[in-house]
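The values are calculated or read from the model by the stated rules, or taken from the named source; none is laboratory data. The structure displayed is predicted, hence computed values, not measured ones. Positions of Cβ are backbone-derived with ideal geometry, glycine not excepted, and every protein chain shown enters the neighbour counts.
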Amino acid sequence: MIIQLSRGFQTVIDDEDYEKPFTFWHVSGEKFQFRICDSRWYYHLGYARTNRRKPNRQYQFFIHRLLLEQKPGIITDHIDRDKLNNRRSNLRTLTNRENTLNSGLVKGFSRFRGVSWNKRRQYWESYIINNLKKYHLGCFTDEIEAAKCYNKVAEKYHGEFAHFNIFDEE
């Protein structure tokens, strides 16, 4: 089922969720019940969200959290990283650590995850972080070789949440 959002965006949910009643707990501790079909949806920071009003207060709800009926403090992740693909098969519940493993690149280091340039020694370093500890994997003259080294180790440490480097065919 496709739901129109503000600014011409669309989100996708499973058909059976469109008219189903959901219960949602807001951070404030208040409990809300509503159906997706009864709401006006907005595009906000890449996500689909709606608003609910109670006297003197407005609440924001994100559709991906509503679909899994998440309580505050629980993280909901989009497996394919498309924030507008809200099918249940694309949503999963994560711990904060798992969500960190699944994050994107850090700007300013390299175009690859787990690789940085050592300016003083003039080589590429490959590293991986696991349980807040940084492991040095090696030194390389080629950035791509350093990234390949990271990929070999990433699945061992991060499992299904590993974020692999992708290489352009040259």
Filter result for the condition that a residue is more than 30 Å from K20 (Cβ to Cβ), in contact with a Lys or Arg (Cβ under 6 Å, 6 or more places away or on another chain) and at pLDDT 90 or above, over N151, N165: N165
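Taking the condition of being surrounded by 10 or more Cβ atoms within 10 Å (Cβ to Cβ) and out of contact with any helix residue (DSSP H, G or I) (no Cβ under 6 Å at 6 or more places or on another chain), how many residues in segment 111-133 meet it?
9
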Hey, E155 more than 30 Å from D15 (Cα to Cα) and either surrounded by 17 or more Cβ atoms within 10 Å (Cβ to Cβ) or assigned by TED's automatic domain parsing to the domain that holds R65 (or both) or not: no
Which condition breaks for K107 when tested against (1) at pLDDT below 95; (2) crowded, with 17+ Cβ neighbours inside 10 Å? (2)
Taking only segment 154-169 into account, find how many residues are free of Cβ contacts under 8 Å to residues at least 12 places away in the same chain and assigned to a loop (DSSP other than H, G, I, E, B). 3
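Quick test for you: out of D15, D38, D77, D82, pick the one residue that is modelled with pLDDT of 90 or more and farther than 30 Å from F164 by Cβ.
Answer to the check: D15.
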By residue number, the members of segment 5-35 that are in a loop (DSSP other than H, G, I, E, B) and either among the β-branched types (V, I, T) or closer than 22 Å to S89 by Cα (or both) are L5, F9, I13, D14, Y18, E19, K20, V27
Is it true that S39 is out of contact with any Cys (no Cβ under 9 Å at 6 or more places or on another chain), hydroxyl-bearing (S, T, Y) and surrounded by 12 or more Cβ atoms within 10 Å (Cβ to Cβ)? yes
